[in-house]
Amino acid sequence: MHFTIRILFPLFLIGIIACSAQPADERATAAAPELTSGNPQEVTPPSELALLMRRMAAHADSVKVGLARGDKELPPYPTEIATLFTATPTKDMHIDPITFPTFGKDYQDKVAALYDAARRDRPAAYNALVQSCANCHSTHCPGPMMRIKKMYVAVK
Ligand code: HEC
């Protein structure tokens, strides 16, 4: 019983984080290389774009924490988002030539708007930013959607 939880829980977490629309059971197999015959995905380091996404998610999370704490200052501006259109994606990842730049620009605009917003308007500006993540992820890489949906804050 405990053994099963200890094994399945990390696999479940990997399933949430990774960019994949595969059913959870296939993903669990892919995440355990010893169960497969050398899945090349497992030895490939994360792409530039995947690493940037982790930074973007960490930035948004730290904004959320700061809002909950009532911090006066936002975390440092995520200057690395300037590389959104040049970062190399995972091999064979489909990057749509129309929607990716459109949603990407919208995300960059929403980050800028957050830093321009008056302090009382930051929760709404933060939610608009999270919405811009969700918009792009509705057409690219649906795996992190569950995580993104939990990132919104309540606006009074
Ligand atoms: C313009 C489109 C776009 C926007 C905006 C966007 N994403 Fe992504 N995201 C992607 C794509 C495409 C990938 C797959 C990257 C790859 O595997 O190279 C990805 C991957 C991810 C991953 C998985 C990274 C990994 O380790 O494999 C997470 C988590 C993620 N995004 C979260 C977010 C969050 C949170 C936001 C908003 C702060 C966001 N994304 C905004 C397109 C976008």
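Condition first: at pLDDT below 95 and part of a helix (DSSP H, G or I). Now tell me which residues in the stretch 139-148 satisfy that.
T139
Can you spot a residue in the stretch 110-129 that is at positive phi, out of contact with any Phe, Trp or Tyr (no Cβ under 8 Å at 6 or more places or on another chain) and either assigned to a helix (DSSP H, G or I) or at pLDDT below 95 (or both)? First the steps, then the outcome.
Of the residues in the stretch 110-129, the ones at positive phi are none.
No; the residues of the stretch 110-129 include none that is at positive phi, out of contact with any Phe, Trp or Tyr (no Cβ under 8 Å at 6 or more places or on another chain) and either assigned to a helix (DSSP H, G or I) or at pLDDT below 95 (or both).
Does M56 satisfy the criteria of being closer than 30 Å to V155 by Cβ, near the ligand (Cβ under 7 Å from one of its atoms) and touching a residue at least 40 places away in the same chain (Cβ under 8 Å)?
Judged against the criteria, M56 is a match.
Quick grid of which residues meet (1) touching a strand residue (DSSP E or B) at 6+ places or on another chain (Cβ under 9 Å); (2) under 18 Å from V155 (Cα atoms); (3) within 10 Å of the ligand (Cβ to nearest atom):
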| site | (1), (2), (3) |
| --- | --- |
| V65 | no, yes, no |
| P75 | no, no, no |
| P78 | no, no, yes |
| I81 | no, no, yes |
| F85 | no, no, yes |
| K110 | no, yes, yes |
| R120 | no, yes, no |
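What number of residues within the stretch 82-99 are crowded, with 18+ Cβ neighbours inside 10 Å and part of a helix (DSSP H, G or I)?
Of the residues in the stretch 82-99, 0 are crowded, with 18+ Cβ neighbours inside 10 Å and part of a helix (DSSP H, G or I).
The values are calculated or read from the model by the stated rules, or taken from the named source; none is laboratory data. Since we're looking at a predicted model, the values are computed, not measured. Cβ: placed from backbone, ideal geometry, glycine included. Neighbour counts: every protein chain shown.
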